[in-house]
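The structure appears right after this line, and notes come after that.
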Amino acid sequence: MSLTLTVDGERWRRHLLDVATTHPGLVPVAKGNGYGLTLGRLARKAQWLADHAADVGHAVDTVAVGTYHELGEIAPRFGGDLLVLSPWRPFSPVLEPALARRVIHTVSRPEDLRALLTRDPEARFVLERLTSMVRHGMTAAELRAAAGAAPRRGCAGVALHLPLAEGAGAHLPEVERLLTDVVAAGLEGSTVWVSHLEPDELDRLRSAYPGTTFRPRVGTRLWLGDRDALRVSATVLDVHRVGRGDAFGYRGRRAPRAGHLLVVSGGTAHGIGLAAPTGDLSLRSRASALARGGLDAAGFARSPYLLGGRPVTFAEPPHMQASMLFLPESAPEVPAVGDALEVRVRFTTTAFDVIEIA
Ligand SMILES: *Cc1c(COP(=O)(O)O)cnc(C)c1O
């Protein structure tokens, strides 16, 4: 009755160990919906990686969270330091002292450094340098000013949030320019926390800057990098035969031809959304789809549900907890109530009812 994520536990854990081993200094990122796996599970798995430091070859001593509000899910399950990726602002929540000692703040404006240290003189922080992402961070001049004012004992290094790579080594020119700013700010030899660098890019940076420690923050590649370890399925809850012209659904839409309505688990509450309609919408393609009797021509949108590896169309937009699919008469098979359908979802926007570690 549910949208289920089934994890091949052994394969997934092997992948986690593999990514950890090939990313020295790895900082697992646990944020948002926990990449579909929940924050609590990611925190436990990060602790599991920390407990396997001997296999991994280095300590996994820090987890990165997205926001201060996520700390509560992570802190009880992972024993190390907690890097908060959202920059600290004067309106950020005040932390209780025991938690505050474990947190590494991200400071992205010089004035925030002063305000943070006024609130908590013992605070640990990284200074964020703006990248081509242009999300948060300081200019070269601001970084110099902040570094000059930063107490050495609290400063845990510099943070760079890089865009997704376009190709091998694509980040290196930008990282090298930014590292020049780090050196100019007198922060040579500190830790540089980075995102979205390939292992070979990290290797090249490590040999070019032997005094600097690079720490890759990794989420997607770590948790979701081995898609074959993760299977998403929905359950067929009902099957109704419909004739051409029969009305169904919230708006009394009519079936364009005979077939079956499938009611399946998973709806807007799970993050199941309308995908783009099949094919393109040019007149010519619509005309040829019409000639074929294609469901896209009848305005039926492709759904993320698959039957025999092929997408089934939505009969109407997804409901809160279930979706209605339309299966034309020509379909080779009609599933039965209780059967499972494979579903292609975006993990970062999906809330599963059940997560089974097989
Ligand atoms: C989300 C995030 C990451 C991790 O990104 P993935 O693509 O999931 O690996 C790293 N750094 C920052 C600042 C982020 O917000």
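What follows draws every value from the coordinates through simple rules; no lab data is involved. Here the structure is a predicted model, which is why all the values come from computation and not from measurement. Note that we place each Cβ from the backbone using ideal geometry, even for glycine, and neighbour counts take in every protein chain shown.
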Sorted by chain and number, the residues with a modelled amide H under 5 Å from that of ALA64, at a separation of 5 or more or across chains, are VAL29, ALA30, LEU83
Can you list residues from other chains, or at least 5 along the same chain, whose modelled amide H is less than 5 Å from the amide H of LEU307?
VAL312
Which residue, GLY167, GLY273, GLY243, tops the fluctuation ranking in a GNM of the chain built on C-alpha contacts under 10 Å?
GLY167
Over the range 319-358: Kirkwood hydrodynamic radius from C-alpha pairwise inverse distances, Å:
13.2 Å
What is the ratio of the Cα radius of gyration of the range 33-129 to 2.2 N^0.38 Å, with N the residue count, to two decimals?
1.13
Karplus couplings for the range 47-64 from phi (6.51 cos²θ - 1.76 cosθ + 1.60, θ = phi - 60°), rounded to Hz, Gly and Pro as x?
5, 4, 5, 4, 6, 9, 3, 5, 6, 7, x, 7, 7, 9, 9, 9, 10, 9
So how do SER108, SER303 line up by other beta-carbon neighbours within 10 Å, fewest first?
SER108, SER303
Among GLY40, GLY148, GLY252: highest mean-square fluctuation, GNM of the chain, C-alpha pairs under 10 Å
GLY252
So what's Rg/Rh here for the chain, counting alpha carbon atoms and using the Kirkwood radius for Rh?
1.08
Scalar couplings 3J(HN,Hα) for the range 94-108 by Karplus 6.51 cos²θ - 1.76 cosθ + 1.60 (θ = phi - 60°), nearest whole Hz, x for Gly and Pro, are 7, 9, 6, x, 5, 6, 4, 5, 8, 8, 10, 7, 9, 10, 10
Tell me which GluC sites (Glu not before Pro) from the range 121-217 have a DSSP coil assignment and no more than 12 other beta carbons within 10 Å of their own.
GLU122, GLU166, GLU188
Space enclosed by the convex hull of the alpha-carbon atoms of the range 91-153, per residue, Å³
89 Å³
